[in-house]
1. Please determine, in degrees from 0 to 90 and to the nearest 10, the orientation of helix A:191-203 with respect to the longest principal axis defined by the Cα atoms of chain A, where the helix direction is its Cα long axis.
2. Within the range B:86-111, whose backbone N sits under 12 Å from a point 7 Å along Cα→Cβ of residue B:22?
3. Run the numbers for residue A:239 and residue A:78: contour at 0.36 nm per residue of separation, minus the present Cα-Cα distance, in nm.
4. Can you tell me the alpha carbon radius of gyration of the range A:71-209 divided by the globular rule-of-thumb value 2.2 N^0.38 Å?
5. May I ask which residue of chain B has the beta-carbon nearest to the axis carrying chain B onto chain A, and at what distance in whole Å?
6. For B:187, B:28, what's the fewest-to-most ordering of other Cβ within 10 Å of each Cβ?
7. P(r) of the range B:40-104 in 5 Å steps, Cα pairs, percent per bin?
8. Return one number: the angle in degrees, 0 to 90 and rounded to the nearest 10, between the long axis of the Cα atoms of helix A:152-162 and the longest principal axis of the Cα atoms of chain A.
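Please treat every number below as a calculation from the coordinates, not as lab data. Since this is a predicted model, take the numbers as computed values, not measurements. All Cβ positions, even for glycine, are placed from backbone atoms using ideal geometry, and neighbour counts span all protein chains on display.
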Number of protein chains: 2
Amino acid sequence: MISVTLVGSGNVAHHLAKAMDDTSNIAFSNWVVRDTSKVLHETTAPIVTDFKKIPSTDIVILAISDDAISTYSSQIETLKALVVHTSGSVNLSDLDKKHRRGVFYPLQTFSKKRVLDFSKVPICIEALTKQDLQLLKSLSDALGCKSVVISSDQRSALHIAAVFVNNFTNQLYRIAHEISDGSRLDFAILKPLILETALKVQDLSPYQAQTGPALRNDKKTLKRHLKQLDNENHKLIYELLTKSIQQTHGR
Amino acid sequence: MISVTLVGSGNVAHHLAKAMDDTSNIAFSNWVVRDTSKVLHETTAPIVTDFKKIPSTDIVILAISDDAISTYSSQIETLKALVVHTSGSVNLSDLDKKHRRGVFYPLQTFSKKRVLDFSKVPICIEALTKQDLQLLKSLSDALGCKSVVISSDQRSALHIAAVFVNNFTNQLYRIAHEISDGSRLDFAILKPLILETALKVQDLSPYQAQTGPALRNDKKTLKRHLKQLDNENHKLIYELLTKSIQQTHGR
C-alpha cells in the first residue's frame with residue numbers, strides 16, 4: 001500500500017485529504033498543516049504541525065500555494081520520498097533537484113464548501129522516471145481516478161484552457177447575473193440553461209454545440225443586444241466573443 | 001384538456017412536440033410542418049402541411065424563425081385561438097393584433113440530436129389578459145414545467161443573459177478545445193471541470209464561485225498566460241475577462 005504525507009490545508013489539500021480518508025487503499029500517514037483549525041473534517045491521518053520536519057513516506061504531496069513550492073521544496077531536508085506538487089502552473093523543475101520529483105495535478109475547481117466526487121477528477125501526472133510515474137499512476141488508481149501523463153509544457157497550456165472553461169465561464173455567469181438583476185429577474189431561471197450548456201459538450205464538440213445569433217449572423221438581434229447593454233465592458237465582451245464565434249464558423 | 005396546434009419543425013418545435021407526445025395531459029391536435037421529413041419521431045398529432053389553413057385550437061404555437069413571426073401571424077386568418085410565439089427576442093406586439101396574443105418561451109438550448117428532460121425547462125410566459133396568462137400557465141403545468149410571467153422587455157434582457165451563459169460560454173469551451181488541440185491534449189480531460197463549473201453555480205452565486213489567477217491578481221501567472229497565448233483574439237478575450245473579474249471583485 002502506498003504511504004502518503006500531505007502538506008497543506010487549502011482547497012486542493014482539503015479534497016485530497018478527504019479522498020484519502022475515504023479509501024482504504026492508501027496509507028494516509030501524515031497531514032502537515034500549520035493551522036489545525038483549517039482541517040474541517042475528521043481525518044484518519046495524524047496531524048503534524050511542524051512544517052520543517054516532513055516524515056518520509058512513499059510520496060510527499062505539496063498541496064501548497066504556487067509561490068511557495070520552489071522555496072519550500074528546497075528548505076525541507078532531502079527525503080527518500082517522491083516529492084510532488086499539485087499545481088497546474090508550476091514547472092516540475094521548480095521543485096528542488098535534491099528530491100525525486102513529480103507532479104500530481106488534479107484538474108478540477110475545488111472549494112471547501114463543495115462536496116465533490118474525487119474519483120471523477122482527472123489527475124495529470126509527471127515524473128522523471130518510469131518507476132515514479134508508475135507510483136503516481138498507482139496513487140491515482142487507488143483514489144479511483146483516471147490519470148494522464150502530461151508534460152510541464154502541456155500542463156501549462158492545459159491550465160490556460162482551464163482558466164477559459166472555469167474562471168472565464170464563471171465570469172460570464174456573473175455578467176448574466178448582473179443583467180438578470182438589472183431587469184428584476186431571478187438568476188435561477190438561467191440555471192437549467194447553464195447546466196445543459198455544460199452537459200451538451202460532454203457528448204458534442206463545442207463546434208457542433210454552438211447556436212445563437214452570432215452563429216446565424218443575425219445582424220438585427222446582434223445590433224439590438226449591443227444597443228441594450230449599458231455596461232461598456234459587457235459590450236466589449238459581447239463584441240469580442242461574437243467575433244470569435246464568427247471566426248470559428250467562418251461567418 | 002388544452003388543445004394545441006404546433007406550427008414549425010425546427011429545434012424548439014421538435015422538443016415541444018416530443019414533450020406533448022409524451023404527456024396525456026394535452027390534446028396535441030395538429031402539427032403544421034412544411035417538410036414532413038423534418039418530423040424525426042413518431043408523433044400522436046395529425047400532420048398538416050398547409051401553412052395557410054391553421055386549424056383553431058385553444059392555443060396555436062408558432063415555433064418558427066424570429067423573422068417569420070410577424071409576417072406569418074398577419075397572413076393567417078383570424079383565429080379564436082390564443083396565438084403565441086416561442087422566441088426569446090421577439091416582442092409580443094410583433095404578433096398581428098387581430099389575434100389573442102401571447103409568448104411561450106422555453107429558456108433552454110435545443111438541438112434535435114440531444115435528448116432533453118423538457119420538464120426541467122423554465123417557460124417564460126406573457127399575455128395580454130389574465131385568462132390567457134392562466135391558459136399558458138396551465139399548458140406549462142401540463143408539460144410539467146415551471147412557468148414565470150415575464151414582460152417583453154424582461155425577456156429581451158433575459159435573451160442577452162442567455163447568450164452570455166450559452167453561446168459565449170460554449171465559445172470559451174471552443175477556445176479551450178483549440179488550446180488543448182494545440183498541445184496535443186484530449187479535450188475530454190476538461191469535461192469534468194466544465195461540468196463542475198456549471199454545477200457549482202446551481203448552489204453558489206457566480207460571485208462566490210470565482211477562483212483563479214485573475215481573482216487572486218496573480219500577476220506572474222497572468223503575464224505568463226498572456227505570453228503563451230499565440231492567437232491575438234484569444235489574448236484579447238483573456239485580457240478583457242481578466243479585467244472583468246477584477247472589476248467585479250474590486251481587485
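1. Between the helix axis and the principal axis of chain A, the angle is about 70 degrees.
2. The answer is none.
3. Stretched fully, the residue A:239-residue A:78 segment lengthens by 52.6 nm.
4. Expressed relative to 2.2 N^0.38 Å, the Cα Rg reads 1.33.
5. B:198, 2
6. Exposure proxy ranking, most exposed first: B:187, B:28.
7. Per 5 Å bin, starting at zero, the Cα-Cα P(r) for the range B:40-104 comes out as 3, 17, 29, 25, 16, 7, 2 percent.
8. For helix A:152-162, the angle is close to 40 degrees.
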